[in-house]
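**Student:** Quick one: structure below, then a few questions.
Readers should treat all values here as calculations from the given coordinates under stated rules, not as data from a laboratory. What you are looking at is a predicted structure, and each value in this text was computed from that prediction instead of being measured. Quick reminder, even Gly has a Cβ in these numbers, built from the backbone with ideal geometry, and neighbours come from all protein chains shown.
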Amino acid sequence: MMAGFEPQIIAFCCNWCTYAAADLAGTSRMHYPPNVRIVRVMCSGMVDPIYVLKAFEGGVDGILVAGCHLTDCHYIDGPVKCDETVNKLREVLHVLGLEDKRLRREMVAASEGVLFAQVINEMVEDLKKLGPSPFKAKTEALA
Amino acid sequence: MEEIRTGVYICHCGLTIAGVVNVEELTEYAESLPNVVVSREYRYMCSDPGQDLIKKDIKELGLNRVVVASCSPRMHEPTFRKTVEDGGLNPYLYEHANIREHCSWVHDDKELATKKSKDLVRAAVKRVFHHESLVTREIPLNPNVLVIGGGIAGMQAALDIADGHNKVYLVERDPSIGGHMAQLDRTFPTLDCSECILTPKMGDVGHHPFIELLTYSEVEEVSGSIGDFKVKVRKKARHIDESKCIGCNLCEEKCPWKTDSEFEAGMAKRKAVYIPFAQAIPNIAVVDADLCAYIQSDGKKCGACIKLCDAGAITPETLLKQTDEIVELEVGTIIVATGYDQFDPSVIPQYGYKKYDNVLTGLEFERITCAAGPTEGKIVTKDGRPVESIGIVHCVGSRDENYHEYCSRVCCMYGLKYAHLSKEMANADVYEFYIDMRCFGEGYEEFYKRLSEEGVNFVRGKVARITDEAQTDEEQGKLIVVSEDTLLGKMIRVPVDMVILCSALEARSDAENVGKVFNINRRADGFFLERHVKLDPVATPTDGVYIAGCCEAPRDIPDTVAQAEAAAGKALSLISKGTVTLEAAISTVDEAICHGCGRCEEICAFSAPNVVTKNGTLVSSVNEALCKGCGSCAVVCPTGAIAIKHFTQDEILAQVSALTEA
């Protein structure tokens, strides 16, 4: 583990469930590390692979893609579509030399504020162990 | 292109943001961002003076983009969109940064929280640069309302709406409306008879020209959205001809097949063909197909009811041929009032429910004290002995980490009611075992005081167990309540003839499924989740779907009725407006790049895009009334021809790249 390394995380959260769960974590004053920045999307199925790749290119150390559970979707089957996107992305990330744990896929319902805080805590722990994204150094060297 | 002129407004939210985030530093930082012409901080941006700041700047400084950094957009994005609109801009030229729920409330390191706030504001400023003016659309709202659940909540909501001459479909799963309230004997603290106040309302519902009652029915499927829901209801086969049954009850009298009566909480029997209770609405019979020998033997056995039914309502055809019917309804709004289940105390073995005959639940005791109940209102043991002493155990399954952490809100009061009735009807010695006495409603504390004066013994402590193992002569033949008495500081044993367990109210066992059908989330305790616990208590995250009564949380009758009327008010205000505003953030096709490959058509769950031929070439065309703006089409589009308005690639990538700057 790298001393003093604070991973940078972007979380794509669906408006109906996980964004609301993060709000609930807030209203319940559940503290978690300030390493995450949330980008609101309407549905987890809206997350384009390009958003994830651009974020890694920009140097983030980890990405969370989170939305409703399979049965709670506001748009019927968004989580299924999101799973497909994330599974495809994993192959690309593998080729790019990015560890699996840098991309986390979760389903966090509006009522699961505790789970949201827990996921962020775990991600920060995992990423601290992994260290900074190798992709960042690579793109900087190539630039 | 016009020059982008952005105003940024940082809200202190009193000290809830300003106590953690350095708002002065943040404001100064925002002013340094590209295209920002003004940046201000204010104690409460959502207040009128706060909003006036924005409107004034739009006019005087020529702003054409606005960012407010405050609470969650789920709270105040609509407020500030309206502000911006009032100031003369399109409401979509606005972006919201969440620095309260996602920052000041979850982080305590001031420096890091301020840094995070700067990132969020920067991302909002870069995103709003790409925002475009969008137009919302109005569609007509279907004024018909669907109410699910014929308990007191559903009935009240249905009556309020129907009294305004609006059509209501009231769907009830059981053969009669009435719900749990119909099973209650008397209501606290006024002790008025539950049936006496409920049955006139049931009659009103049954006869109302604007209410269509669908009893013995369940909603199977809901599609569409606010203003235009399409609903499939399964009307279960009653195995009688509803139009002919006159409710004479001869069939039930002669039917030889018996089972436990649901209405009597299992304390009495009903027949295979039955009317659930005397005041049932509709007052017509229903056949329990699993129990009916005629149906089970395919017409070879019994058939007594057929011979007896002069009205011709029960025939071999109705018994053998009648099947469930699917009814399709179209409504604009939905109210879900599906109620609660009573906690089954047999999962607490030390309380001896189901093991000892005279350990009862509250609902069973309600039937005992009821003059129309199985004991005709006499408080007696199962073998008919008079009851001289009664133990009432509070918080059974409630306020208990092993079962439900929440307080069920009604048990203290119904426990006190039982104490009063036991004194009045049986002159019994009463022992109330409670943890805390919670008497919060109108007249409740006074009732508690009155009971203390009536000579009820209050024991403050949690009951450890209920046993029939006597240790003294006095305990012989009795149930012994073994409890801690925290006021005496010791364990006590109280021998009694009967024990009533004040069982918790819990979420319906099928609440998960009902939640899925209506797209309502649930809390960790299983009850339905309201949109905002304080400020939007009957709305759900699904527009046009409201909740009322105990399906949302345990509550007493006055609160249930108030909530039902609130939900009805929500539906009525929509009906009164007559239209629904459709989301502007939907997909749009750039026909110049579209190849008409049809990937969007394949992936869409709402069949919004369709490939059509325009000017001899194939292009995708989006039906705006069907598109919900989920964005899945944009993800699969190989050419980038489809974009979701307000969630375009440019907008999200601007946000992402701003967040990776730092």
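**Student:** Count charges around B:Ala162 for me, please; just the other residues with Cβ under 10 Å from its Cβ, Lys/Arg as +1, Asp/Glu as -1.
**Tutor:** Neighbour charge sum, excluding B:Ala162 itself: -3.
**Student:** Hey, can you list the DSSP H helices of chain B whose Cα span along the axis is 24 Å or longer and whose average Kyte-Doolittle score is at least -0.5?
**Tutor:** What comes out of the filter, once short or polar helices are dropped, is B:557-577.
**Student:** Do any of B:Lys201/B:Lys577; B:Lys417/B:Lys449; B:Lys534/B:Lys570 go past 18 Å between their Cα atoms, and which?
**Tutor:** B:Lys201/B:Lys577
**Student:** Right, something else. Counting each pair of different Cα atoms once, what's the Kirkwood radius of the protein assembly as shown in Å, rounded to one decimal?
**Tutor:** So the Kirkwood estimate lands at 30.1 Å.
**Student:** So what is the relative contact order for region B:508-651, in percent, with contacts set as C-alpha pairs under 8 Å and at least six apart?
**Tutor:** Answer for region B:508-651 is 17 percent.
**Student:** Now a separate question. What shape does region B:341-506 have by the C-alpha gyration tensor, where a ≥ b ≥ c are the square roots of the eigenvalues, rounded means a/c under 1.5, and otherwise prolate means a/b greater than b/c and oblate the rest?
**Tutor:** Note, shape of region B:341-506 comes out rounded.
**Student:** Of B:Ile586, B:Gly150, B:Pro345, which is farthest towards the positive pole of chain B's charge dipole, taken about the Cα centre with +1 and -1 on the beta-carbons of Lys, Arg and Asp, Glu respectively?
**Tutor:** Of the candidates, B:Ile586 comes out farthest on the positive side.
**Student:** In terms of the Cα gyration tensor, with a ≥ b ≥ c the square roots of its eigenvalues, is region B:499-589 rounded because a/c is under 1.5, prolate because a/b exceeds b/c, or oblate?
**Tutor:** oblate
**Student:** Still on this model: Please give the length that would be gained between B:His207 and B:Ser346 if that part of the chain were fully extended, namely 0.36 nm times their separation in residues minus their C-alpha to C-alpha distance (nm, one decimal).
**Tutor:** Once the chain is fully extended between B:His207 and B:Ser346, it gains 46.0 nm.
**Student:** Taking R0 as 25 Å, what FRET efficiency do you get between A:Lys88 and B:Asp590 from their Cβ-Cβ distance, rounded to the nearest 0.05?
**Tutor:** 0.55
**Student:** Where the centroid of each part is defined by its Cα atoms, how far is region B:486-517 from region B:540-610 in Å?
**Tutor:** 37
**Student:** Loop-only trypsin sites (Lys or Arg not before Pro) in region B:461-537, please: DSSP not H, G, I, E or B, and at most 11 other Cβ atoms within 10 Å.
**Tutor:** Qualifying residues, ordered by number: B:Lys534.
**Student:** Next up: Report the local net charge at B:Val37: Lys and Arg +1, Asp and Glu -1, summed over other residues whose C-beta lies under 10 Å from its C-beta.
**Tutor:** -1
**Student:** Shape call for chain A from the C-alpha gyration tensor, a ≥ b ≥ c root eigenvalues: rounded (a/c under 1.5), prolate (a/b greater than b/c) or oblate?
**Tutor:** It is oblate, given that a/c is not under 1.5 and a/b is not larger than b/c.
**Student:** Can you give the % of DSSP beta bridges in the protein assembly as shown that are antiparallel, to the nearest 5?
**Tutor:** The antiparallel proportion sits near 45 percent.
**Student:** So for B:Cys292, B:Cys630, B:Cys251, B:Cys46, fewest C-beta neighbours within 10 Å to most, what's the order?
**Tutor:** Exposure proxy ranking, most exposed first: B:Cys46, B:Cys292, B:Cys251, B:Cys630.
**Student:** Which order results if A:Met107, B:Met491 are arranged by neighbouring Cβ count within 10 Å, fewest first?
**Tutor:** Going from sparsest to densest Cβ surroundings: B:Met491, A:Met107.
**Student:** If you don't mind, there's one more thing I want to ask. Given region B:341-506, what percent of its DSSP beta bridges are antiparallel, to the nearest 5?
**Tutor:** So the antiparallel bridges in region B:341-506 amount to around 45 percent.
**Student:** Turning to a different aspect of this structure: Pairwise over distinct Cα atoms, reciprocal of the mean inverse distance: report the Kirkwood radius of region B:587-644 in Å, one decimal place.
**Tutor:** Result for region B:587-644, one decimal place: 10.9 Å.
**Student:** Using a Gaussian network model on chain A with a 10 Å cutoff between Cα atoms, which of A:Asp72, A:Asp126, A:Asp100 fluctuates the most?
**Tutor:** Fluctuation is largest for A:Asp100.
**Student:** Now for a different question. Taking the Cβ of B:Gly88 as the centre, find all other residues whose Cβ is under 9 Å away and add up their charges (Lys, Arg: +1; Asp, Glu: -1).
**Tutor:** 0
**Student:** So how far, in whole Å, is the C-alpha centre of region B:130-188 from the one of region B:427-482?
**Tutor:** 40
**Student:** Follow-up. In whole Å, what is the distance between the alpha-carbon centres of region B:22-83 and region B:363-379?
**Tutor:** Their Cα centres are 64 Å away from one another.
**Student:** When only DSSP loop residues count, what GluC sites (Glu not before Pro) in region B:1-74 have their Cβ near at most 16 other Cβ atoms within 10 Å?
**Tutor:** Those that pass, being in a loop and sparsely packed, are B:Glu2, B:Glu3.
**Student:** A further question follows. Would you list, by chain and number, the lysines whose Cα falls below 20 Å from the Cα of B:Lys307, excluding same-chain residues fewer than 8 positions away?
**Tutor:** Within the straight-line cut-off, B:Lys307 pairs with B:Lys244, B:Lys254, B:Lys258, B:Lys271, B:Lys321.
**Student:** Share of antiparallel DSSP beta bridges in chain B, in percent to the nearest 5?
**Tutor:** 50
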